[in-house]
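The next block holds one structure in the form of structure tokens; read it before the comments.
The values are calculated or read from the model by the stated rules, or taken from the named source; none is laboratory data. From a predicted model like this one, the values you see are computed outputs, not experimental measurements. Cβ placement follows ideal geometry from the backbone for every residue including glycine, while neighbour counts extend to all protein chains displayed. The protein model used for the area step is the full one, side chains on, heavy atoms only, and it has no ligands, DNA or RNA in it. Shrake-Rupley method; radii C 1.70, N 1.55, O 1.52, S 1.80 Å.
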Amino acid sequence: MDAIDMLLHRRSCRQFTDKQISDADLTTVVDCGLAAPTGMNRQSTKIVIVQEPEKIKLLSKLNATIMNTDSDPFYGAPTVCLILTPKVADYNADSMSLNPMKDGSLVIGAMQNAAYALGLGSCWINRCKEMLLLPEGQKILKELGLEDYEGVGCVALGKPKHQASGKKIKPGRVIRW
Ligand SMILES: Cc1cc2nc3c(=O)[nH]c(=O)nc-3n(C[C@H](O)[C@H](O)[C@H](O)COP(=O)(O)O)c2cc1C
């Protein structure tokens, strides 16, 4: 797929088939995330891949708790990636100290674009930080040896049941000076 085409047409996917994505596709998506630009080339973002249904169920429950809902925030995706970054010490500090969060966002964007280019569906799912702050979330971070990390976002990944197309781009967002 042409890169410009991919960037112009990628959409979020919220309906996945049960079929797992291939390891080769997962590796490509993750590699594209890892190749994203990072402030001072620190490359501090971590990507936690979760494919065990029971673990996804637990994450879904934690994420739903934050939203105060019973529905599955991951839309049944067979793969969920947690994008983590070293804890930001002070969100009000200078812009450099926010770089880890910015880096993580670019990782997610690159992963989503790569997924679309491969014909996969993806969606950024919020509340990654909050769910990992819950006691069960802290336990997961401890198990992974990532207690000093916080969540940027989750990426739901899978084969799309339906790929959305066309998006109305809000006018007035480009200013020439
Ligand atoms: C920071 C951020 C948080 C998001 N959180 C969620 C979310 O929790 N659940 C969800 O279904 N979509 C989420 N999305 C996806 C957006 O709703 C989606 O990107 C937006 O509606 C534009 O649609 P598109 O991705 O198809 O272009 C999030 C996207 C971003 C960038």
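What are the residues in segment 120-169 that are of a type outside the set (Lys, Arg), over 17 Å from the mean Cα position of the chain (by Cα) and farther than 20 Å from PRO100 by Cβ, if any? Residues satisfying the conditions are LEU134, PRO135, GLU136, GLU143, HIS162, GLN163, ALA164, SER165, GLY166, ILE169. Residues of segment 38-49 that are away from the ligand (no atom under 16 Å from the Cβ), open to solvent by less than 40 Å² (accessible area, probe 1.4 Å) and not in a helix (DSSP H, G or I): THR38, SER44, ILE47, VAL48.
Here's the yes/no breakdown for (1) open to solvent by 80 Å² or more (accessible area, probe 1.4 Å); (2) small (Gly, Ala, Ser); (3) in a helix (DSSP H, G or I):
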position: ALA24; (1), (2), (3): no, yes, yes
position: ALA36; (1), (2), (3): no, yes, no
position: ILE56; (1), (2), (3): no, no, yes
position: LEU59; (1), (2), (3): no, no, yes
position: ASP70; (1), (2), (3): yes, no, no
position: TYR75; (1), (2), (3): yes, no, no
position: ILE83; (1), (2), (3): no, no, no
position: ALA93; (1), (2), (3): no, yes, no
position: SER97; (1), (2), (3): no, yes, yes
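In segment 150-163, the residues that are in contact (Cβ under 8 Å) with a residue 40 or more places away in the chain and farther than 17 Å from VAL48 by Cβ reach residues that are near the ligand (Cβ under 9 Å from one of its atoms) and open to solvent by 20 Å² or more (accessible area, probe 1.4 Å) with C-beta atoms within less than 7 angstrom, at least six apart or across chains, in these pairs: GLN163/ARG11. Within segment 1-22, the set of residues being touching a Phe, Trp or Tyr at 6+ places or on another chain (Cβ under 9 Å) and not in a helix (DSSP H, G or I) comprises MET1, ARG10, ARG11, SER12, CYS13, ARG14, GLN15, PHE16.
Remark: ILE66 falls outside the filter, which requires a residue to be buried (at least 22 other Cβ atoms within 10 Å of the Cβ) and within 14 Å of the ligand (Cβ to nearest atom). Only one entry of ALA93, ALA77 meets the criterion of being at pLDDT below 95 and within 28 Å of GLN138 (Cα to Cα), and that entry is ALA93. Could you list, in sequence order, all residues of segment 1-32 that are more than 16 Å from the ligand (Cβ to nearest atom) and under 12 Å from PRO78 (Cα atoms)? If the condition is that a residue be more than 16 Å from the ligand (Cβ to nearest atom) and under 12 Å from PRO78 (Cα atoms), then THR17, ASP18, LYS19, GLN20, ILE21, SER22, LEU26 are the ones that fit. Out of all the residues in segment 137-158, is one or more farther than 21 Å from LYS46 by Cβ, at pLDDT 95 or above and open to solvent by less than 40 Å² (accessible area, probe 1.4 Å)? So far as segment 137-158 goes, yes, one or more of its residues are farther than 21 Å from LYS46 by Cβ, at pLDDT 95 or above and open to solvent by less than 40 Å² (accessible area, probe 1.4 Å).
VAL88 meets all of the listed conditions (1) surrounded by fewer than 24 Cβ atoms within 10 Å (Cβ to Cβ); (2) within 19 Å of ASN63 (Cβ to Cβ); (3) of a type in the set (Val, Ile, Thr) but one, namely (2). Does GLY172 satisfy the condition of being more than 23 Å from ILE108 (Cβ to Cβ), assigned to a loop (DSSP other than H, G, I, E, B) and at pLDDT 95 or above? Yes; evaluated as a whole, the condition is true for this residue.
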